[in-house]
1. Looking at (1) under 12 Å from the mean Cα position of the chain (by Cα); (2) more than 16 Å from residue 233 (Cβ to Cβ); (3) of a type outside the set (Val, Ile, Thr); (4) assigned to a helix (DSSP H, G or I), can you tell me which one residue 170 breaks?
2. From the list 319, 345, which one is touching a Ser or Thr at 6+ places or on another chain (Cβ under 6 Å) and either of a type in the set (A, V, I, L, M, F, W, C) or over 26 Å from residue 273 (Cβ atoms) (or both)?
3. When both residues are 6+ apart or on different chains and their Cβ atoms are under 6 Å apart, which pairs have a first residue that lies in the range 130-150 and is surrounded by 11 or more Cβ atoms within 10 Å (Cβ to Cβ), and a second that is among the small types (Gly, Ala, Ser)?
4. Checking the condition in contact with a helix residue (DSSP H, G or I) (Cβ under 9 Å, 6 or more places away or on another chain), among the β-branched types (Val, Ile, Thr) and surrounded by fewer than 22 Cβ atoms within 10 Å (Cβ to Cβ), which residue from 499, 478 passes?
5. Would you check if residue 374 is small (Gly, Ala, Ser), at pLDDT 95 or above and either in the same structural domain as residue 320 (by TED's automatic domain parsing) or part of a loop (DSSP other than H, G, I, E, B) (or both)?
6. Has the range 402-417 got at least one residue that is in contact (Cβ under 8 Å) with a residue 24 or more places away in the chain and of a type in the set (S, T, N, Q)?
7. From the list 357, 397, 405, exactly one residue is of a type outside the set (Phe, Trp, Tyr), in a helix (DSSP H, G or I) and closer than 20 Å to residue 322 by Cα. Which is it?
Amino acid sequence: MGERGAGSSRCVGAAAGVRNDTVFYPRHTPIRCLRRDYKPDNECNRDVTPTIQIALRMERMGACSNLSPVEKCLAAIVHGVDALQASNFTLAEGALRLGLALAKAAPEEQARNLEPLVLLNLSRLRQKQDREQEARQLHEQANARLEQNAPSLPNAIFNVLMAAVLMDLREYRRAIPFWEQAIQLDDLKDPIDMAHMLSKVGECYNRTGLKDHAAIPLRASVKTFRKHPEDPRLSAALTTLGNALRKSTPAEAESCYREAADWHVARGQFLSATPAWGNIGILCSEQGRYAEALEYLEKVRKIREHSPGIPTPAIAITLNNIANCYRRIGKFAEAFTAVSRAIDLLQDKGGAELASAYGTRGLIFLDQGNDSEAVEWLRRAYEHHQTLASPNFDTIAEDVNREIAALQRLGRADELKDAEARLASVQTAMKAVPMVSRDLSALDAPLQCAVFVEVNVGSRGRRPDAEREDVQLERRLTEILEAKDVGWCGGRFTTPESTTLIFYGSDAESLFQALEPTLTSEPMCAGARITIWQHDGQREVIVPSRLT
């Protein structure tokens, strides 16, 4: 959410409001074999009960003698996650229920690790199906098991899957140890895979309010992604790095934001540039560059308000940031108007955005000299933060510090003691998170050659249950590369305007030759931009558009 207060560390995250959908396939031989060797039925037979389907699939998987119980379970989960990303909820249900059955059949110690992973993904499925009560129950079951027995499965794919679903569920603090464990395991040592995981653990630290913890992995991630400048994950990592640095080194943060914005503008992706522009506006506001700040923030607001299907929090975030700029200027009427509209938009949505807007209203009262109203709204912000899975420590500490100052002026001693105890608790929690020493030698390894396929199909205006043409294209292209044994799919990155499919191999021209017939014949690839990256340079190909 947008910042509040001078020197505040609040910021618009890389995906705040305008969500980027990242699907990551690490270069890891066992999991690629799992994806290939076990493929659940594409469609469920209506005449066969789910229980029988599970039994039949388990029988088929039992024939795969080369797979361990853990690998069989992970295979089912991977296919369930793939189907969920493709909005194929029927297939996701079947694969995840199979995964749950395999987890229960695994040895006890392994089952304790695997069952929460399946339950979390089932919770995510129920969310997408708008079955919120079931989603919450599954989430609570999984968390209870995680708290009872801390997972300790030394398997990189398990840790990647656990970290990814926890992030999807906004459990950023819980996701951190899983990313850290995956980074340290020996079987994920490709530099781009490592850069991706570093960017994700950096994002988790950032969203938890641990900026110093976030900056180190994010710097390493950006340094590696810059070697593949066409990789869309570069712009996301730059924005998140800027968020981590804005309080400590604002000049470097502004440079990160501008580079991220320019990356999208060069591709005509103005909606995707709005998080970086919004953060520039926040930074300008903090530095007293108010006219410049309002210019950026109003540009963001107009683009988002005129973009069909934009999530409500994306507009509310901008209004909150505009309110803070007006507050600093001393235009309190305009500030109240903007933040009141933000709160109205967020009232039914909840989340960190609403907590931040409550706090902004408190700061406006504080700057007006109305300490009593300020305390009420800052406390409301604190209470809402406590309902979140991963509240932002830094944001809470700033709010409580301001509440304490107001209570001191009001002479409300009993409430002051309570606020000081809450602040001490937050500070203790922040200090309890250790700085991690990581082996980043994998980042020095030679990069694989790559082909980036950017198609003009993004997330803007797409229904959650809509058929995913981009996912189907990715699967067809992946099967071609596997059949020819020339490379693999590293994942896809979806912005509101486009989707980039990422492929790696030892020779980019061989990759492109294998992919070209499908790319030139597939209607959704019309106008696609293909970047072919070799160690000695790169070239770009535009797939011709078709006349209608």
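The values are calculated or read from the model by the stated rules, or taken from the named source; none is laboratory data. Predicted model only: the values in this text are computed from it and were never measured. All Cβ positions, glycine included, derive from the backbone under ideal geometry; neighbour counts span all protein chains shown.
1. (4)
2. Details: 319 fails: touching a Ser or Thr at 6+ places or on another chain (Cβ under 6 Å).
Testing whether each residue is touching a Ser or Thr at 6+ places or on another chain (Cβ under 6 Å) and either of a type in the set (A, V, I, L, M, F, W, C) or over 26 Å from residue 273 (Cβ atoms) (or both) leaves just 345.
3. Matching pairs, first to second residue: 135/123; 138/123; 139/123.
4. Numbers: 499 fails: surrounded by fewer than 22 Cβ atoms within 10 Å (Cβ to Cβ).
After applying the criteria, what remains is 478.
5. Values: small (Gly, Ala, Ser): yes; at pLDDT 95 or above: yes; either in the same structural domain as residue 320 (by TED's automatic domain parsing) or part of a loop (DSSP other than H, G, I, E, B) (or both): yes.
When the stated conditions are applied, residue 374 passes them.
6. no
7. Details: 397 fails: closer than 20 Å to residue 322 by Cα; 405 fails: closer than 20 Å to residue 322 by Cα.
Going through 357, 397, 405 in turn, the sole match is 357.
Let's see how each residue does on (1) among the small types (Gly, Ala, Ser); (2) in contact with a helix residue (DSSP H, G or I) (Cβ under 8 Å, 6 or more places away or on another chain); (3) closer than 25 Å to residue 226 by Cα:
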residue	(1), (2), (3)
451	no, yes, yes
471	no, yes, no
483	yes, no, no
493	no, yes, yes
522	no, yes, no
539	no, no, yes
545	yes, no, no
